[in-house]
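**Student:** Take a look at the following structure, please.
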Amino acid sequence: MRRVAVVGIGQSRFGELWEKSFRDIVIEAGVEALEDANISGEEIEAIYVGNMSGGRYLAQEHIGALIADYSGLAELGIPSVRVEAADASGGVAFREAYLAVASGLYDVAIAAGAEKVTDVGAELAIDIMSSSADREWEYFVGATLPALYALIARVHMKEFGTKEEDMALVSVKNHKNAVKNPKAQFRREISVDDVLRSPYIAEPIKVLDSAPISDGAAVVILASEEIAKKLTDTPVYVSAVTQASDYLSLQSRKDLASFKAVKMAAKKAYKLAKIEAKDVDVAEVHDSFTIAEIIAYEDLGFCEKGEGAKMIREGETEVGGRIPVNVSGGLKACGHATGATGVRQIVDLVRILRDGIVDAETGLALNLGGTGATAVVSILRR
């Protein structure tokens with residue numbers, strides 16, 4: 001396996017992009033990434049696109065070909081593949097592009113992610129998002145994603161004493177971080193009281209404990225070490241990208257206060273990168289609901305099981321803390337464009353590491369699908 005580096009990054013703004021089409025936001029992110037890498041489209045050899053549900057949001061399948069067509073790369077016959085793993089689609093697309101370059105099959109490849117959700121109503125959007133859980137055994141009997149995460153939160157609260165105020169602190173931190181992110185959907189601070197006063201969606205999950213469903217696209221360009229050194233003086237190397245699976249439905253899992261797939265993927269990633277959890281300097285983790293970030297602290301080994309709430313209470317994951325988490329604002333404030341989120345996390349990690357936004361040499365990204373049936377852990381180093 002060859003060493004692989006990220007040589008270019010690009011991202012559209014995340015949010016309700018009524019004035020832009022799916023094609024527009026993908027091209028916006030792609031052009032920015034090509035300019036960042038200082039290469040042309042002719043040098044791209046393959047494209048892997050994370051997209052959760054273009055067939056339902058856009059009534060458009062064959063997303064890989066659509067992007068190759070609209071970007072002008074179809075003329076060159078460049079293979080373009082759509083990758084789907086619910087909210088983890090972007091993370092899996094990044095993994096596929098990484099493996100393709102690391103194996104020697106290609107020298108330069110794109111990992112992209114995109115979703116356009118605002119063209120459908122809220123009711124259909126909820127239905128589409130809930131298809132990332134077990135439709136027959138969960139959604140058909142009324143368990144939406146917020147309801148399922150509420151069950152997870154309840155178990156964590158019962159076993160470890162986690163409080164709604166602890167979950168609120170995650171949201172407050174991530175909104176504070178997003179103020180400095182020009183691509184974020186919500187660039188305003190909120191208070192713990194704001195979160196606690198927001199309406200329940202599924203108790204104890206409230207509106208301000210939940211990430212929005214957003215429009216957005218992100219693109220990462222990967223290259224072999226040899227080519228990366230020719231393109232940039234500041235490559236960010238990919239030390240590991242690992243993926244693990246768990247049961248789709250919560251009823252089949254032994255422990256609802258933990259995501260087994262995260263623990264397995266993290267263990268593999270640390271081994272490949274030859275590091276331990278304590279060596280991670282900064283992280284972008286999946287916080288579709290605030291309880292997911294608290295559990296991520298534990299499953300990734302940043303603290304002992306049951307001490308995730310203590311980490312957020314004591315400010316350890318703040319910028320300037322022991323391990324800053326979601327410097328971008330996370331899904332909660334940056335926005336959650338499902339197919340793009342996993343790639344967006346990589347874009348932000350690269351920016352953090354390359355531009356010195358925080359003092360860090362090693363960064364980790366965690367991308368989850370649904371209620372954690374898919375987990376992708378990526379480790380990057382500058």
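The values are calculated or read from the model by the stated rules, or taken from the named source; none is laboratory data. Bear in mind the structure is a predicted one, so any value in this text is a computation, not a measurement. Quick reminder, even Gly has a Cβ in these numbers, built from the backbone with ideal geometry, and neighbours come from all protein chains shown. When the accessible area is computed, the model is the full protein with side chains, heavy atoms only, and any ligands, DNA or RNA have been set aside. Shrake-Rupley method; radii C 1.70, N 1.55, O 1.52, S 1.80 Å.
**Student:** I need every pair where a residue in segment 295-320 that is small (Gly, Ala, Ser) has its Cβ under 7 Å from the Cβ of a residue that is surrounded by 24 or more Cβ atoms within 10 Å (Cβ to Cβ) and in a loop (DSSP other than H, G, I, E, B), sequence separation at least 6 or different chains.
**Tutor:** Ala296/Val285; Ala296/His286; Ala309/Thr162
**Student:** List the pairs whose first member sits in segment 189-202 and is within 21 Å of Ser288 (Cβ to Cβ), whose second member is among the polar types (S, T, N, Q) and assigned to a loop (DSSP other than H, G, I, E, B), and whose Cβ atoms are under 8 Å apart, counting only residues at least 6 apart or on separate chains?
**Tutor:** Close Cβ pairs (under 8 Å, with a partner that is among the polar types (S, T, N, Q) and assigned to a loop (DSSP other than H, G, I, E, B)) amount to Ala202/Thr144.
**Student:** Can I ask one more? List the pairs whose first member sits in segment 99-113 and is open to solvent by 20 Å² or more (accessible area, probe 1.4 Å) and modelled with pLDDT of 95 or more, whose second member is acidic (Asp, Glu) and in a loop (DSSP other than H, G, I, E, B), and whose Cβ atoms are under 7 Å apart, counting only residues at least 6 apart or on separate chains?
**Tutor:** From segment 99-113, the pairs are Tyr106/Glu45; Asp107/Glu45.
**Student:** Hey, among Ala309, Ala373, which residue is aliphatic (A, V, I, L, M) and open to solvent by 10 Å² or more (accessible area, probe 1.4 Å)?
**Tutor:** Only one candidate passes the filter, namely Ala373.
**Student:** Does Arg135 meet the test of being open to solvent by 60 Å² or more (accessible area, probe 1.4 Å), within 23 Å of the chain's Cα centre (by Cα) and either aromatic (Phe, Trp, Tyr) or at pLDDT 95 or above (or both)?
**Tutor:** Considered against the rule, which asks whether it is open to solvent by 60 Å² or more (accessible area, probe 1.4 Å), within 23 Å of the chain's Cα centre (by Cα) and either aromatic (Phe, Trp, Tyr) or at pLDDT 95 or above (or both), Arg135 comes out as no.
**Student:** Another question about this same structure. Would you check which residues across segment 338-368 are among the small types (Gly, Ala, Ser) and under 9 Å from the mean Cα position of the chain (by Cα) and list them?
**Tutor:** Gly339, Ala340, Gly342, Ala365
**Student:** Could you tell me whether segment 109-119 includes any residue that is within 24 Å of Gln345 (Cβ to Cβ) and part of a helix (DSSP H, G or I)?
**Tutor:** So far as segment 109-119 goes, no, none of its residues is within 24 Å of Gln345 (Cβ to Cβ) and part of a helix (DSSP H, G or I).
**Student:** When segment 342-363 is examined, which residues are found to be surrounded by 24 or more Cβ atoms within 10 Å (Cβ to Cβ) and touching a Ser or Thr at 6+ places or on another chain (Cβ under 7 Å)?
**Tutor:** Across segment 342-363, the qualifying residues are Gly342, Ile346, Asp348.
**Student:** A further question on this structure: Name every residue in segment 68-87 that is closer than 19 Å to Ala29 by Cβ and either open to solvent by less than 60 Å² (accessible area, probe 1.4 Å) or part of a loop (DSSP other than H, G, I, E, B) (or both), in order of residue number.
**Tutor:** Once the filter is applied, which keeps residues that are closer than 19 Å to Ala29 by Cβ and either open to solvent by less than 60 Å² (accessible area, probe 1.4 Å) or part of a loop (DSSP other than H, G, I, E, B) (or both), segment 68-87 yields Ala68, Ser71, Gly72, Leu73, Ala74, Ile78, Ser80, Val83, Glu84, Asp87.
**Student:** Only one of Thr232, Thr290 is in contact with a helix residue (DSSP H, G or I) (Cβ under 6 Å, 6 or more places away or on another chain) and either over 25 Å from Gly50 (Cα atoms) or polar (S, T, N, Q) (or both); which?
**Tutor:** Thr290
**Student:** Yes or no: Gly339 touching a His at 6+ places or on another chain (Cβ under 8 Å), surrounded by 24 or more Cβ atoms within 10 Å (Cβ to Cβ) and of a type in the set (Gly, Ala, Ser)?
**Tutor:** No.
**Student:** Quick check: is even one residue across segment 154-162 surrounded by 23 or more Cβ atoms within 10 Å (Cβ to Cβ) and in contact with a His (Cβ under 7 Å, 6 or more places away or on another chain)?
**Tutor:** Checked against the condition, which is being surrounded by 23 or more Cβ atoms within 10 Å (Cβ to Cβ) and in contact with a His (Cβ under 7 Å, 6 or more places away or on another chain), segment 154-162 yields at least one hit.
**Student:** Moving on. Please find, among Ala228, Ala218, the residue that is over 18 Å from the mean Cα position of the chain (by Cα) and open to solvent by less than 20 Å² (accessible area, probe 1.4 Å).
**Tutor:** Ala228
**Student:** Does segment 67-75 contain any residue that is farther than 21 Å from Ser378 by Cα and touching a residue at least 60 places away in the same chain (Cβ under 8 Å)?
**Tutor:** Scanning segment 67-75 turns up no residue that is farther than 21 Å from Ser378 by Cα and touching a residue at least 60 places away in the same chain (Cβ under 8 Å).
**Student:** Okay, next question. Please identify the pairs in which a residue from segment 345-358 that is under 9 Å from Ser328 (Cβ atoms) and touching a residue at least 24 places away in the same chain (Cβ under 8 Å) has its Cβ atom under 7 Å from the Cβ atom of a residue that is of a type in the set (Ser, Thr, Tyr) and open to solvent by less than 50 Å² (accessible area, probe 1.4 Å), counting only partners at least 6 apart or on another chain.
**Tutor:** Asp348/Ser328
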